[in-house]
There are 2 protein chains.
Amino acid sequence: MEGMNGVKLTSTLAFRLGTLGAVMTERFSARLAAHGLKPKHVGLLALLESGTATSQLDIAKLMNVAPSLVVSLADRLEELGAVRRERDPMDRRRQTLALTEEGRELLATCTAAAAELDTELTDGLSPEETEALRIVLGTLARRNGLPAD
Amino acid sequence: MEGMNGVKLTSTLAFRLGTLGAVMTERFSARLAAHGLKPKHVGLLALLESGTATSQLDIAKLMNVAPSLVVSLADRLEELGAVRRERDPMDRRRQTLALTEEGRELLATCTAAAAELDTELTDGLSPEETEALRIVLGTLARRNGLPAD
DNA sequence: TATTGTTATACTCTATAACTATA
DNA sequence: TATAGTTATAGAGTATAACAATA
């Protein structure tokens, strides 16, 4: 039985994206654990590299998380030497987060880990299918306010 | 800067699936709130409808969650009259969960909600692109042990 | 003694609210 | 008085461990 329209829950994009997304995030987490990082830490590093945001509050808005969470993410990244906190001289309430060279390297390492997961995931797909998937997901991400350059 | 291979984190499938999946799950949650359900409740209903699992322990394994979580999901669904718990006469330790007619209707309603989210999500895509996406995600889901009939 | 389901407890993640310092 | 960041607290979601009934 599958609703009176013949649609099954498991064939919806909502379900497939939700479950596959959860699996990939969990795998990514497992890879990052060795560096003492979680996916959101890496998301923050990527945001800094993109130059989109500077202050912690801007970052919180772009990441769709509470400002207090940015504090703890930044604390950890600072601890690892991946970011530096710098007071804005124009407005001393603002903290500017700057990516260090170490931070760039860390981001590159984590990005490589994500790319490996991609390879694993798309093992049986043709290169064309894989690229088409990447592109359509990028389109959907952008349309939904998610970073996808 | 983007790693020395020119790959950006935000262009990986891991990142795109993870973020889009989180967004879709959150939207689905919001729709389900009116029924007092969470996505896992609906996943359990769908599993019962598929006839794949019967006992709570089987369900826990297939859903990749702890058995204790199945207890509370089933408690809630029983409360709503969506499932019935029946002792297996062959092995009285086992509880068999049976989908009621109300449960089928509830699942159909929730599936329709997911389908609406799909429509919303793929608004700018061609029907061919949308169908290709659904198919490739189904392939990936099956290859990764996720339900996708 | 091993297994199914349940209950009790603890842990992870994240948000909300209270607070500090600058403006 | 309002805002950026921080700290303290609380809530959601889920797992682990202890327990009861049955095998």
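The values are calculated or read from the model by the stated rules, or taken from the named source; none is laboratory data. For clarity, every value in this text was computed on a predicted model and none was experimentally measured. Every residue, glycine among them, receives a Cβ derived from its backbone with ideal geometry; neighbour counts consider all protein chains shown. The area values use the complete protein model at the heavy-atom level, side chains included, leaving out ligands, DNA and RNA. Shrake-Rupley method; radii C 1.70, N 1.55, O 1.52, S 1.80 Å.
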Report summary line: Per the list (1) more than 11 Å from chain A (Cβ to nearest Cβ); (2) open to solvent by less than 20 Å² (accessible area, probe 1.4 Å), residue check on B:ALA113 breaks on (1)
Requested in this report: Taking the options B:GLY103, B:GLY43, name whichever one is touching a strand residue (DSSP E or B) at 6+ places or on another chain (Cβ under 6 Å), in a helix (DSSP H, G or I) and of a type in the set (Gly, Ala, Ser).
Outcome: B:GLY103
Query raised in the report: From the set of residues in the range B:2-18 that are at pLDDT below 95 and on the phi < 0 side of the Ramachandran plot, which is least open to solvent (accessible area, probe 1.4 Å)?
Result: B:VAL7
Report summary line: When the range A:19-67 is checked residue by residue, the ones that are open to solvent by less than 10 Å² (accessible area, probe 1.4 Å) and either facing chain B (nearest Cβ under 7 Å) or within 13 Å of DNA strand D (Cβ to nearest atom) (or both) are A:LEU20, A:GLY21, A:MET24, A:VAL42, A:LEU44, A:ALA53, A:SER55, A:ILE59, A:ALA60
Query raised in the report: more than 13 Å from the chain's Cα centre (by Cα), assigned to a helix (DSSP H, G or I), within 14 Å of DNA strand C (Cβ to nearest atom) and buried (at least 17 other Cβ atoms within 10 Å of the Cβ): does that describe B:THR96?
Result: no
Report summary line: When the range B:52-67 is checked residue by residue, the ones that are of a type in the set (Gly, Ala, Ser) and over 15 Å from the mean Cα position of the chain (by Cα) are B:SER55, B:ALA66
Requested in this report: Report, ordered by the first and then the second residue, all pairs with beta carbons closer than 9 Å, sequence separation of six or more or different chains, a first member in the range A:12-37 that is touching a residue at least 60 places away in the same chain (Cβ under 8 Å), and a second member that is surrounded by fewer than 19 Cβ atoms within 10 Å (Cβ to Cβ) and of a type in the set (A, V, I, L, M).
Outcome: A:HIS35/A:LEU80; A:LEU37/A:LEU80
**Report entry** Yes/no for A:LEU37 being modelled with pLDDT of 95 or more and under 21 Å from A:LEU137 (Cα atoms)
**Finding:** no
Query - Residue list for the range A:106-149, filter: of a type in the set (A, V, I, L, M), over 20 Å from B:ARG142 (Cβ atoms) and part of a loop (DSSP other than H, G, I, E, B) - result: A:LEU146, A:ALA148
Query - Every residue from the range B:68-90 that is part of a helix (DSSP H, G or I), near DNA strand D (Cβ under 8 Å from one of its atoms) and more than 16 Å from the chain's Cα centre (by Cα) - result: B:SER68, B:SER72
Report task. Can you give me the number of residues within the range B:81-93 that are open to solvent by less than 60 Å² (accessible area, probe 1.4 Å) and at negative phi? Result -> 5
